[in-house]
Amino acid sequence: MLRGRLAEALGHDKDAQNQYKIAVESTDRAAAAEAKLLDIMLRQKRDEVSQADALRELETLSVTWRGDWIEVKALQLMARIYSETGHYGESLAAAQDRDQAAAQFRNHRGRPRTRRRRCSRSCFSARRATIFRRSTRSGCSMSFVN
């Protein structure tokens, strides 16, 4: 991760992408989630990913990784992209989710955690239902399979 960040800071975007790819494939879930987020942001900056694809990846990341700044940043990017594409309801919902996640993160920040808390099946189902409601309100015909 650090090599990727350093390469990006020095303007070596391709090297940064390669380092992020290595981190995404690692067994360290926290590093993989962070690398995925930074990779999406870098590809957006370089116009290598469409907004629809970036949204899809960010939605997946926000559902699979919860409880710290990575989730907050993913939701923030989702809100921005939704707003830029004219999906204001989804933008507002993502911003509200971001604020809620940020408040939770601030409340739990001082507590030491050795293991990341996993999202329960009911929590995952609730998030999936929320995404489905948002998509059907905007006229999207996505369907989810259990």
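The values are calculated or read from the model by the stated rules, or taken from the named source; none is laboratory data. Please read all numbers here as calculations on a predicted model, not as lab measurements. Cβ atoms come from the backbone with ideal geometry, glycine included; neighbour counts cover every protein chain shown.
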Among the residues of region 9-22, is any basic (K, R), within 25 Å of N107 (Cβ to Cβ) and assigned to a helix (DSSP H, G or I)? no
Which residues, counting only those in region 1-44, are basic (K, R) and without any contact (Cβ under 8 Å) to a residue 12 or more places away in the chain? K14
Among the residues of region 48-67, write down those that are at pLDDT below 95, outside any helix (DSSP H, G or I) and surrounded by fewer than 18 Cβ atoms within 10 Å (Cβ to Cβ). G67
Flag for A94 being outside the structural domain of R29 (by TED's automatic domain parsing), assigned to a helix (DSSP H, G or I), buried (at least 18 other Cβ atoms within 10 Å of the Cβ) and in contact (Cβ under 8 Å) with a residue 24 or more places away in the chain: no
